[in-house]
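Visitor: Take a look at the following structure, please.
FYI, it's all coordinate maths here, none of it is from the lab. Not measured: the values here are computed from a predicted model. Cβ atoms come from the backbone with ideal geometry, glycine included; neighbour counts cover every protein chain shown.
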Amino acid sequence: MGSQPPSCNFSSGDYLCDENGMQNPVIIIPSLLAFSTLLVVGMILWRICWRKQDTEVEPIIFLEDEQDEYDSLAAAEKILQRKDPLLAMWELPQDRHIQQEQFLCAGRYGQISQATIIQRGSSETVQAVILRKLPATTNPKEVRDFLDVMKFHIQICNHDSLVKVLWCQSQALPFCIVLEAMSLGNLLPFLWKACQGDLSIAEHTYCLTEKRVYAMGIQIARGLEYLTVSQRLIHGNVAAYNILIHQDLTVRLCGLGLAAKVYCRGTLPLRSAAEVPIKWLPPERILNQPITARSDVWSFGILLYEMITLGAPPYPTLRPADVLAALQREHRMKRPEQCGTRLYRVMRSCWRWKPSHRPAFPELLEQLDSHAGRAGTKPLTGPERLNLDHYQRLAGLSPREAAFGLCSQPGAGGRRTAL
């Protein structure tokens, strides 16, 4: 007779008693189930975190520059025959006229000027603006790129911390973009003027404190958060010369040429990426490695240094050619005399070598907001006279062109700005 299962023994944990009082063997797997569940949950969490990190630090792939094209006038006239509905909505109204143009500098696509928009009618109105104008003698690729830049400004630059487009001219030559002007112009010469210790009461706006530096830094960080998080773009040229400032100390990011290229193409040409002065670049950009939002974080730390020092050039003891070697030796700028330890810690966190170790802009905003209430209120001071030639040599930047905010040009190479 075959063997039968043993009679029911309630002290046994390896068998289950049936209705006849007999024990049936059962495979006990609670521990295996628990382990499997933990393993699956762990893999899911890891994948979520990995995808989140990949989203935050997705690289921009460099491409070689495309070949130039010519026969530009015919190309421009051909484009004029096709009206873009989006640009048509922003076309400069016929009752508004551009007058009093004053050349500022040469931009990426042509001249950049100050101007006045006058509206004719029962009551004449006048508005100060900045013009970015495309010359008629340009190539077809630049014509198309310039129209893409128009669309970028219209579709993306609708944040309080970004310079705003007012109108465009896309149905008649010359093509141009009309941008708002800020009353105090560019931040860099503003900082230089704040260095002067004999400002009158009427010039109290130029009396900067660490608390005001925090306030401006928060505004700029919000604009960069919008670009990098909401729009998944980079600015690519964060510096004092690409910030505009108003009388009430509101500030706005300009110099969005690289962001426009990434928006329109999804990539960034290597030549365009190289048009930024080296002292504002993180190591990965100096080494021509992929660019991420954390690359802008590094440059934001340099901008904080510029503001707290009232426009001093970064790495004042280094020549531009020596910056990379110094960074590889873990050299970082020392805490400026008037910089609080909290603000300096924020700056140093921006200058960590590995991009993934730097804080993202949402985290930076939390830090700046938490420290702003304890920031110093003593007026910042600096050298009464600034030797512009010395600045240009140290910074690798032309102060004359940087002073206008919408133009930045590396001093050494003589290349035009990426705007």
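Visitor: What residue among 274, 208, 245 has its Cα farthest toward the positive end of the dipole of segment 197-284, where the charges are +1 on Lys, Arg and -1 on Asp, Glu, each on the Cβ?
Guide: 274
Visitor: Let me ask something additional. Quick check on the exposure proxy: order 331, 204 from fewest to most C-beta atoms within 10 angstrom.
Guide: Ranked by crowding around the Cβ, least crowded first: 204, 331.
Visitor: Once both labels are modelled 7 Å past Cα along the beta-carbon direction, what's the residue 155-residue 348 spacing in nm?
Guide: Result for the modelled spin labels: 4.3 nm.
Visitor: Based on the mean of other beta carbon atoms within 10 Å per residue, what is the order of 262-272, 277-287, 110-120, most packed first?
Guide: Averaged packing, sorted descending, gives the order 277-287, 110-120, 262-272.
Visitor: At residue 289 and residue 324, where each label point lies 7 Å from the Cα along Cα→Cβ, what is the point-to-point distance in nanometres?
Guide: Going by the 7 Å Cα→Cβ label model, 1.2 nm.
Visitor: Checking the cross-link filter: which lysines have an alpha carbon closer than 30 Å to that of residue 261, excluding same-chain neighbours under 8 positions apart?
Guide: Answer for residue 261, where 30 Å is the Cα cut-off: 52, 78, 83, 133, 141, 151, 164, 279, 354, listed by chain and number.
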